[in-house]
1. May I ask you to derive the FRET efficiency for ARG51 and ILE215 from their Cβ-Cβ distance with R0 = 45 Å, giving the value to the nearest 0.05?
2. When Lys and Arg each count +1 and Asp and Glu each count -1, what net charge do the other residues less than 14 Å away from VAL187, Cβ to Cβ, add up to?
3. When only C-alpha pairs under 8 Å and at least 6 residues apart count, what is the relative contact order of the chain, in percent?
4. Calculate the spin-label point distance for ALA79 paired with HIS60, positioning each point 7 Å from the Cα along the beta-carbon direction, and give it in nanometres.
5. Take the alpha carbon gyration tensor of segment 62-216, find the square roots of its eigenvalues, order them as a ≥ b ≥ c, and report rounded if a/c is under 1.5; if not, report prolate when a/b exceeds b/c, else oblate.
6. Charges on Cβ only, +1 for Lys and Arg, -1 for Asp and Glu, centred on the Cα centroid of the chain; of CYS39, MET11, LEU161, which one is farthest towards the dipole's positive end?
7. Counting alpha carbon pairs within less than 8 Å and at least 6 residues apart, what relative contact order, in whole percent, applies to segment 124-217?
8. Can you grab the distance from the C-alpha centre of segment 9-74 to the C-alpha centre of segment 110-183, Å, no decimals?
Amino acid sequence: MSSAPLNKDSMAQVKSVVSVLIVAYAVLLGLLIPIGIICAEYNMPVGSYTRDPAALVNAHPLIGLISNIGVLFWCATAAICFFASVIHSKKGSARIARFFLFSGLLTSVLLLDDLFMLHDFILPQYLHIDEHFIYLGYSALVITCLIKFRSVISQTEYIVLFIACGFFGLSIICDLVLPQKGMVYLVEDGFKVFGIVTWFVFFTRTCFTQTEQIIGN
């Protein structure tokens, strides 16, 4: 008697989520299958693309600690922005939804840059794009966000956002001006992680405040 409702509920859950799982699994297979093919074709070890980097080079697991923490905060910020964008697109302001969507996409770009060393290695090495142009591109995206959504930002704790941008600016200056050795890395990466955490604080508080207003209404 009691198993029938349970089975119906289970089937309803499967039906509601199956399309999402299919897309998610298709994306994963679209990543894993090419890796397997390329490694087989060029006789490369598959583990080079699937295992933890520290394990591959027999390094201490805490190597890259600050960088990894920064990536986690980038990821958390992007997820919060995308979630808030969906909420506002359904029940709130379309303009605020676009602001959070743009901010989530911008944060995702910065996340990918940090995670895969795009401006440090990939883009200069393989596409021959100078690091200065990459910084200009990222700065242009941030300025575009500030201008395009100035009416939304003016209603937030925007001073926190400006503080985050200030930390990023200091980190970039250190990268471009100071010799890359010794304690300079601590200063440069310290400014960057302060910027990332401040960026996270701004968007977390803004998403919470804006979403709370929807719930309150």
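Every read-out reported here was derived from the displayed coordinates using simple, explicitly stated rules and does not represent laboratory data. Predicted model, so just to flag it, every value in this text is computed and none were measured. With ideal geometry, Cβ positions are generated from the backbone for all residues, glycine too; neighbour counts draw on all protein chains shown.
1. Computed FRET efficiency for ARG51 and ILE215 comes out at 0.55.
2. -1
3. 20 percent
4. According to this spin-label approximation, the distance is 2.8 nm.
5. The shape class here is prolate.
6. In the chain, that residue is MET11.
7. It rounds to 29 percent for segment 124-217.
8. 26 Å
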